[in-house]
There are 2 protein chains.
Amino acid sequence: MKGDILDTEIPEPIRKQCESKGGIKGIAKALPDKKKLEEQSQIFQALSDPLRLKIMLALVEQPLCVCLIKEMLGPKISDSKLSYHINILKDAGLIDGQRQASWIIYAPTKPGKEAVKVAGRL
Amino acid sequence: MKGDILDTEIPEPIRKQCESKGGIKGIAKALPDKKKLEEQSQIFQALSDPLRLKIMLALVEQPLCVCLIKEMLGPKISDSKLSYHINILKDAGLIDGQRQASWIIYAPTKPGKEAVKVAGRL
DNA sequence: GGACTATTTCAAGTTTATTTGAAATAACAT
DNA sequence: ATGTTATTTCAAATAAACTTGAAATAGTCC
């Protein structure tokens, strides 16, 4: 029945563990807020494509201009495609570009380096 | 002209730095292979949604059955939606479910814990 | 077995991400 | 100014991710 003393509604050990942490609401309240979650998940989103991850890993080794990133990825990739992906990394704050004469040289930001360091441990 | 001695084709300092690392090809060769990049980016992909990130952060604090995850997220979320997202985390190897009587209790795997630890640093 | 609860699966629709090719910008060299 | 190279932007097409509601499974309780 529904109206019973709700003992069996939830696994016992879990219920006790939850209560020692302020219950489900207590656990929920301790988590980052909506805005923070969105920021963090955007960073993960930027790294969620093998191509972009590869670009990040290369830039951590060595800052590069777009044409060298292109060479590193192989000749098949189009400029507009590459630019699209670079832009996603830039918007997420993981890389930053600096103009140098004809070229724009991209390098990882500090959070960019941090984020990539993790990948190695996964 | 195109046929010149190619000195100005690439920023000088970058070219030198690259060469000390085996050139662009040397840098590319030191990166993880296709399969590894796909695995790692799948993990980032799994964390690229605020809802899933929130679920992960909660499970790191406390393993929970689906109905408690649902309670934690608020009553509005549908069962099928929740199940969909849980499944993405499971497929990425970030969580693991264990049946206990009526319930399935999800807990982060070791890589799951590692991955979430990063989020805090971003 | 039959009713009930927890969870998953499925298919259809919607939204978001990605690719493509062409055109635009920006800097540099002549 | 013109031409050239590096890079970005745009719009249209394609593909992938996400949401929804209904139906299916699987376990528990009587």
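The values are calculated or read from the model by the stated rules, or taken from the named source; none is laboratory data. Keep in mind that what you see is a predicted model, and the values were worked out from it rather than measured. Glycine gets a Cβ as well: all are built from the backbone with ideal geometry, and neighbour counts include every protein chain shown. Accessible surface areas use protein heavy atoms only, side chains included; no ligands, DNA or RNA. Shrake-Rupley method; radii C 1.70, N 1.55, O 1.52, S 1.80 Å.
Counting only helices (runs of 4 or more DSSP H) that fall entirely inside segment A:7-122 and contain at least 3 residues that are over 21 Å from B:G112 (Cβ atoms) and either among the polar types (S, T, N, Q) or more than 7 Å from chain B (Cβ to nearest Cβ) (or both), the qualifying elements are A:12-19, A:23-30, A:50-61, A:66-73, A:79-91, A:110-121. For the condition hydroxyl-bearing (S, T, Y), more than 27 Å from B:S48 (Cα to Cα) and exposed (fewer than 15 other Cβ atoms within 10 Å of the Cβ), A:S20 qualifies. Return a yes/no flag: does segment A:73-80 have any residue that is out of contact with any Gly (no Cβ under 6 Å at 6 or more places or on another chain), among the β-branched types (V, I, T) and closer than 19 Å to B:L31 by Cα. Checking segment A:73-80: at least one residue is out of contact with any Gly (no Cβ under 6 Å at 6 or more places or on another chain), among the β-branched types (V, I, T) and closer than 19 Å to B:L31 by Cα. Looking at the structure I just gave you, is A:I43 aliphatic (A, V, I, L, M), touching a Pro at 6+ places or on another chain (Cβ under 9 Å) and farther than 30 Å from A:P108 by Cβ? It is false that A:I43 is aliphatic (A, V, I, L, M), touching a Pro at 6+ places or on another chain (Cβ under 9 Å) and farther than 30 Å from A:P108 by Cβ. Say we look at segment A:75-119 and pick out the residues that are within 8 Å of DNA strand C (Cβ to nearest atom) and open to solvent by less than 30 Å² (accessible area, probe 1.4 Å); which of these is nearest to A:K54 (Cα to Cα)? That would be A:H85. Got at least one residue in segment B:45-66 being of a type in the set (A, V, I, L, M, F, W, C), touching a Ser or Thr at 6+ places or on another chain (Cβ under 9 Å), closer than 24 Å to A:E12 by Cβ and surrounded by fewer than 18 Cβ atoms within 10 Å (Cβ to Cβ)? Yes: one or more hits.
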